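Enquirer: Dumping the structure here so I can ask a few things about it.
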Amino acid sequence: MAEAASVAAECLAGCRARGARSVLGQVVVPGEELLLPEQEDAEGPGGAGERPLSLNAGARSRVRVICGPGLRRCGDRLLVTKCGRLRHKEPGGGGGGVYWVDSQQKRYVPVKGDHVIGIVTAKSGDIFKVDVGGSEPASLSYLSFEGATKRNRPNVQVGDLIYGQFVVANKDMEPEMVCIDSCGRANGMGVIGQDGLLFKVTLGLIRKLLAPDCEIIQEVGKLYPLEIVFGMNGRIWVKAKTIQQTLILANILEACEHMTSDQRKQIFSRLAES
């Protein structure tokens with residue numbers, strides 16, 4: 001909070017945009033305008049100036065930049081819409097790469113293609129209303145399940161947990177979920193079992209756990225046999241053989257966000273001995 005406040009004070013005092021390359025890994029605040037080093041300047045790296053980060057493929061701009069979460073396109077500018085640390089991923093085949101803001105956000109904003117865990121809150125005709133943690137519930141048709149027909153309806157009740165993905169998600173329309181992929185297969189989606197424990201974590205922890213090189217899930221899987229489902233909306237469902245093991249796993253996953261690698265290894269070794 002203190003770092004964010006100092007950054008905001010500096011921005012208000014200077015009223016000048018900061019260079020994107022110079023603030024990588026630092027805190028940015030909503031309303032900032034990002035600048036990118038001018039790569040077309042013929043003076044070379046020593047005399048290159050900075051210009052507003054342009055996303056239009058104009059005649060003068062050869063740099064293609066992709067903006068991720070926390071950044072918004074506004075004409076030919078890139079504005080910060082979320083408080084957090086600015087991150088950058090180098091492009092694979094030229095261009096300006098990907099910029100995004102890494103923040104500890106708990107409120108989920110639906111995104112098309114995201115796999116989420118929802119709770120059925122109501123049935124209205126052929127539509128289920130599902131709470132996904134956003135500003136409004138998502139709609140789920142009874143035909144959006146594998147093998148579902150007008151005669152063969154899925155057994156979905158109010159209070160059931162649903163694992164599905166968004167096919168419609170924007171600010172002007174109600175979010176719409178399905179529990180099938182493009183081939184009509186469930187592929188792991190649908191109603192989650194009655195047992196188990198559902199708990200909520202930050203969105204940053206979900207992204208960390210779903211990373212391909214995450215060691216936490218590998219270490220957790222060595223402790224107890226378990227079933228686990230991750231939702232991009234910050235919800236995790238976990239089930240082990242006993243209630244005690246389920247609670248232990250949930251507590252570990254919640255606490256690992258603020259642990260170092262050495263601290264996690266110590267805890268896992270103690271649990272393995274016990």
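The values are calculated or read from the model by the stated rules, or taken from the named source; none is laboratory data. The shown structure was predicted, so the numbers you read here are calculated from the model rather than taken from an experiment. Backbone-built Cβ (ideal geometry, glycine too); neighbour counts: all protein chains shown. Note: accessible area is taken over every heavy atom of the protein model, side chains too, but ligands, DNA and RNA are not part of it. Shrake-Rupley method; radii C 1.70, N 1.55, O 1.52, S 1.80 Å.
Enquirer: Just for strands (runs of 3 or more DSSP E) wholly inside the stretch 89-138: which have at least 2 residues that are touching a residue at least 24 places away in the same chain (Cβ under 8 Å) and of a type in the set (A, V, I, L, M)?
Expert: Filter on the stretch 89-138 gives 97-102, 115-124.
Enquirer: Let me ask something else. Of the residues Ala272, Ala250, which is in contact with a strand residue (DSSP E or B) (Cβ under 7 Å, 6 or more places away or on another chain) and part of a helix (DSSP H, G or I)?
Expert: Just one listed residue meets the conditions, Ala250.
Enquirer: Within the stretch 189-217, track down each residue that is free of Cβ contacts under 8 Å to residues at least 40 places away in the same chain and either within 24 Å of Phe145 (Cβ to Cβ) or assigned to a loop (DSSP other than H, G, I, E, B) (or both).
Expert: Matches in the stretch 189-217: Val191, Gln194, Leu210, Ala211, Pro212, Asp213, Cys214.
Enquirer: Checking Pro212 against (1) at pLDDT below 90; (2) closer than 30 Å to Pro175 by Cα; (3) surrounded by 13 or more Cβ atoms within 10 Å (Cβ to Cβ); (4) of a type outside the set (S, T, N, Q), which single condition isn't satisfied?
Expert: (3)
Enquirer: Which condition from (1) among the hydrophobic types (A, V, I, L, M, F, W, C); (2) crowded, with 18+ Cβ neighbours inside 10 Å; (3) without any contact (Cβ under 8 Å) to a residue 60 or more places away in the chain; (4) outside any helix (DSSP H, G or I) is the one that Met232 breaks?
Expert: (3)
Enquirer: Might you check whether a residue that is touching a residue at least 24 places away in the same chain (Cβ under 8 Å), assigned to a strand (DSSP E or B) and open to solvent by 20 Å² or more (accessible area, probe 1.4 Å) occurs anywhere in the stretch 141-153?
Expert: So far as the stretch 141-153 goes, yes, one or more of its residues are touching a residue at least 24 places away in the same chain (Cβ under 8 Å), assigned to a strand (DSSP E or B) and open to solvent by 20 Å² or more (accessible area, probe 1.4 Å).
Enquirer: Another question about this same structure. Residues of the stretch 93-134 being open to solvent by less than 60 Å² (accessible area, probe 1.4 Å) and polar (S, T, N, Q), which ones?
Expert: Those that are open to solvent by less than 60 Å² (accessible area, probe 1.4 Å) and polar (S, T, N, Q): Ser103, Gln105.
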